[in-house]
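Note sheet for the following structure.
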Amino acid sequence: MASAVRIVILAIVSLSSLTNCQEGILHISDGVTEKEFCIVHNHSWTPLAQSLDMSLAYPLLNLTSQLLCNSSGVTPDSVNGKAVVVMRGDCDFSQKALIAQKLGATILLIASNTTLITPSANESEYAKITIPLALMRYRDFLQAQKVFTGEMQVKLYAPPQAKIDPSIIVMLLIAVITVSLGGFWSGACERERLSMGRDNEGQAESKSDTEISIFSPLKVLLLVLVMCGMLVLMYYFYKVLVYVIIVIFCVASANALFFCFDAVLDQIGCGTIRFSVRNRNFSVRSIILASVCIVIAVIWGVYRNEDRWIWVLQDILGVAFCLNFIRTISLSNFKICVILLSLLLIYDVFFVFITPFFTKNGVSIMVQVALGPDVSGEKMQDNMVEVPAEPQPPTEKLPVVMRVPRFSGMAQNLCGMQFSILGYGDILIPGLLVAYCSRFDVWVNSKWKVYYTSCCAAYLMGLIVTFAAMLLSGMGQPALLYLVPFTLITSAVVAGCRREMKTFWNGQIYEREELNEP
């Protein structure tokens with residue numbers, strides 16, 4: 001165990017080293033006013049300075065009337081020792097750079113009216129270029145011309161970015177806390193149900209009416225097939241179904257938030273005033289809570305595309321939804337857990353790794369549905385970047401992910417807000433196993449909640465390995481590929497070591513035997 005912890009710590013330390021990022025900063029000054037803009041570069045060409053103080057200033061020459069695919073119409077004397085901005089188009093980036101370099105330019109900026117992409121070339125071309133090359137938005141250059149009245153001095157720099165952005169740590173905490181609380185809540189409900197069952201069996205049945213138990217392998221298979229069908233439908237009919245999912249999310253998350261707040265108030269002993277209207281009983285506390293939850297869900301629904309702050313509400317609603325889901329849906333035994341998690345592991349891997357071979361744009365169905373049809377501005381595979389050249393109209397995205405903005409990197413903030421995301425499924429599916437382990441601890445009266453705590457620890461380790469694999473590979477990972485083996489194997493090992501595998505495997509049967517005891 002100690003060696004495993006050391007390996008994880010070593011991996012985290014190695015990943016936390018600084019790395020070059022493809023977004024950079026264009027600093028413009030006229031001696032009085034200063035302003036910074038987004039640029040996209042490729043550090044395979046001449047690397048940029050890592051800070052503003054380390055960067056050299058050069059006068060900016062406006063050649064946006066030129067494409068610089070040849071040197072005609074441009075004199076070396078006008079270009080020598082200056083940063084040159086030209087328009088994108090008609091020839092390769094490397095050709096423009098070689099001509100600018102031959103004319104004596106010190107920096108080449110390429111203004112673009114289309115999406116900014118990481119400028120690339122053949123491997124042999126990189127060694128020939130000795131001046132910095134970067135793309136900038138043409139609208140930014142037009143804005144700079146309006147802001148600066150004197151001669152513009154420019155500096156280019158690209159602050160190094162830590163591979164482990166703090167947002168990943170926040171995301172890990174959100175996921176682990178949600179799964180742990182959901183499992184604990186499920187175990188507490190089970191303990192209360194069994195306690196009431198001993199006192200009043202009728203009350204126990206009414207208390208568990210809100211719970212849905214999955215005990216049939218056939219139902220599990222049908223559930224997974226329905227999920228596959230829904231994902232494919234979302235891929236082909238996204239623009240219509242996205243609004244249906246948004247409405248369902250608003251209703252379901254408001255309902256879940258109500259149950260979460262209500263449970264918290266019960267725990268702290270908050271009372272309420274009750275009254276009757278036409279023989280119907282009402283609670284003042286419930287009315288206030290319902291109103292607050294509905295308002296929060298409506299605010300999210302109205303402002304769902306305001307990326308700067310709405311992610312906070314989406315994550316609050318998402319956590320509440322996951323907690324209530326884990327509490328409500330119960331897997332009856334470990335056999336059902338193994339079948340469900342294994343099938344969903346195959347589902348996750350197939351729709352992430354296999355479907356890109358069948359889609360037109362080479363993007364997996366899972367990623368396309370999770371991020372929406374327009375994923376510009378997001379990190380691409382192989383650490384390539386796309387940044388919109390013009391302000392983009394908001395596009396509807398499915399509220400099926402936790403979102404935390406990336407905190408590190410000024411350049412990334414200038415180029416557009418980017419998020420670390422984690423799908424609800426990566427919380428809900430392992431969460432159902434954690435909830436089963438928590439209930440089983442209640443059934444066997446485990447003093448130290450060994451099944452629950454070990455499964456939570458396995459989920460944490462699986463999530464760390466998932467993030468490590470994502471950072472090392474530079475691309476998104478199907479989290480269930482790591483979470484399912486970690487949690488299932490750990491739970492099975494604990495049951496085997498405690499000689500309780502038979503009762504752990506047939507959990508629901510064991511529960512019925514306990515309830516039937518005199």
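Values computed for the structure shown
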read-out: Label-reachable residues, the stretch 240-260, where backbone N falls under 20 Å from a point 7 Å from Val284's Cα toward its Cβ; value: none
read-out: Ranking of Trp45, Trp185, Trp309 by count of other Cβ atoms within 10 Å, fewest first; value: Trp309, Trp185, Trp45
read-out: Pairwise FRET efficiency - Leu472 versus Asn62, Cβ, R0 = 41 Å, nearest 0.05; value: 0.45
read-out: For the stretch 21-160, alpha-carbon Rg and Dmax in angstrom; value: 13.7, 42
read-out: Fully extended contour minus Cα-Cα distance, from Thr395 to Val240, at 0.36 nm per residue; value: 54.5 nm
read-out: Estimated FRET transfer efficiency when R0 is 35 angstrom, pair Ile299-Met227 (beta carbons, to 0.05); value: 0.75
read-out: Listed pairs Lys335/Lys360; Lys239/Lys360; Lys35/Lys397; Lys96/Lys146; Lys96/Lys155; Lys35/Lys239 exceeding 28 Å between Cα atoms; value: Lys335/Lys360; Lys35/Lys397; Lys35/Lys239
read-out: For Gly24, residues with placed amide H under 5 Å, excluding near neighbours; value: Ile39, Val40, His41
read-out: Linear extension gain, Val349 paired with Ala492, 0.36 nm per residue minus alpha-carbon span; value: 49.2 nm
read-out: Formal net charge of residues neighbouring Ala479 (Cβ-Cβ distance under 12 Å; K, R +1; D, E -1); value: -2
read-out: Calculated FRET efficiency for the pair Trp448/Gln143, C-beta based, R₀ 41 Å, to 0.05; value: 0.05
read-out: Extension reserve of the Val292-Lys35 stretch, reckoned as 0.36 nm per residue once the Cα distance is removed; value: 88.3 nm
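Readers should treat all values here as calculations from the given coordinates under stated rules, not as data from a laboratory. Computed from a predicted model, the values in this text were never measured in an experiment. Because the Cβ atoms are built from the backbone with ideal geometry, glycine has one as well, and the counts that use them run over all protein chains shown.
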